[in-house]
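Bear in mind these aren't lab numbers, they're just calculated from the coordinates by the rules spelled out. Worth saying up front: this structure is predicted, and the values here are computed from it rather than measured. Please note: Cβ atoms are built from the backbone with ideal geometry, for glycine as well, and neighbour counts cover all protein chains shown.
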């Protein structure tokens, strides 16, 4: 079994999503108050809307009350964000820089996650997304789209993303049919993960076949569990109790202990939701895939600055194995200052038994409850069983004006525990959106290059597939390393899409590499995790662009390696490649 370790003491979060190029310059500071990030001064993005969903723009600092773990906090900084349309100054997001001032932003970042299932539905979800991308975004806003295991770059050229969605609309029902046929019933349990069949992957790649869209591979993410993420008041605990009970009832309905399993599996499948065992298993698999993509999107956005929104489009919500999974994800998103907007497109779900009788579907309510948790706890908006365009209007209106509050926690010690945030406004008939918590840890200890590389490398190491976003070639030979044995890799990295930094002596490539050598039993016999700064002389730069960057690597081994997995990550372009080599 391959062992994945920590990289230089960094905490590993197994998430990956590569879809952005390096930022060479920060945005121009807004002419307003700024303050530093991290737990020294906790920033909160707040949006306040009236009964009509219009932003409330005249609030003062004294109108806000901030509570951390129920204790009132002193607001040290206050600023407003008012977006006005202007030509984009950059086509790439700004990466988070430790200790840098948190500034009011003049643009928004929207990552659209198209979940599993049929997403047009009665709400016209995909039509609304096209309208959103083409007419409701401001010119400077950045947008990207993710579906299945592919994603585009963030871009201010909104038409590129619209073109992908246009291709998605007629093609995704056939892809979902193929996926359902292959991964239904017990097959979903035993064939889950790994590489998709070539024919299905080709259909997915065709959706993203838009020139210059920068299509990348999406690696499923994971969210660390922990009791610290579940601090909540008594009312929330009661809500969770009712949700768990509803989920248990739903499972009993699907398990149907009153009749034999054979009878359950012989139900005639219906086009409606949740009629048999296959539907239950299929829904669970789809939910886990969506959850992995949600986690990947959150962890990717974590490293970016700005007003960050993840719009999750789903047919019927997510039904997760643990009642705490939705809360863990919401805690991770709130900590990353990512608002999750959920858009359910499938209408009200019903099920029909084998006698044609309509049954209640409490599992639907449980699945939708997860959507509410995502949105409520992160400062996003939730839409269920309504016109999708109305939900888009609410998201746009709410985010065109906002407030940025900063407070120094009364409890200043860094303990890595999750702390709840509550924001109250001294104004009647308004709704307040804000992130509901964060993990108390010092931002100054954050190394962006190492943190990003770690998540990318670990995610790729845990996937049994090759990733071609960064093309690799390698030759492996046995060598002596000191008094022991080892392997030498002559690696060639395609440099046509890499981003180099200019230095006085040449062009610098900031690479992170991992090499994992395993024996015939799949046990690790040698590993290498390393950061490499490779400088190319300017006289050789054009040649390297054409032929590739050569990187020699030596890996000590304790036994005979049969398989060598090579992973290379380019920090400049945020591209990653992996290759499996038999030795």
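For residue 583 and residue 546, what does the FRET efficiency come to when R0 = 30 Å and r is the distance between their Cβ atoms, rounded to the nearest 0.05? Intermediate values should be presented prior to the final figure.
Details: r = 29 Å, r/R0 = 0.96.
Between residue 583 and residue 546 the formula returns 0.55.
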Fill in the blank from the handout: Residue separation between residue 159 and residue 417 times 0.36 nm, minus their alpha-carbon distance, gives in nm 88.7 nm
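Tell me, Kirkwood radius of the stretch 466-582 from alpha-carbon pair distances, in Å? Don't skip to the answer; put the middle values down first.
On the way: mean 1/r = 0.0678 Å⁻¹.
Hydrodynamic radius (Kirkwood, Cα only) of the stretch 466-582 equals 14.8 Å.
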Practice task
Could you pull out which residues in the stretch 409-429 have an amide N less than 16 Å from a spot 7 Å beyond the Cα of residue 51, following the Cα-Cβ vector?
Solution key: 427-429
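Could you list 86, 47 so that the one with the fewest beta carbons within 10 Å of its beta carbon is first and the one with the most is last? It would help to have the intermediate numbers written out before the result.
Details: 86 11, 47 24.
Final ranking by Cβ density, sparse to dense: 86, 47.
Can you put 417, 565 in order, fewest other beta carbons within 10 Å first? Intermediate values should be presented prior to the final figure.
On the way: 417 16, 565 22.
Arranged by neighbour count, lowest to highest, 417, 565 become 417, 565.
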Problem - Nitroxide proxy distance, nm - points 7 Å out along Cα→Cβ at residue 424 and residue 521 - result: 6.2 nm
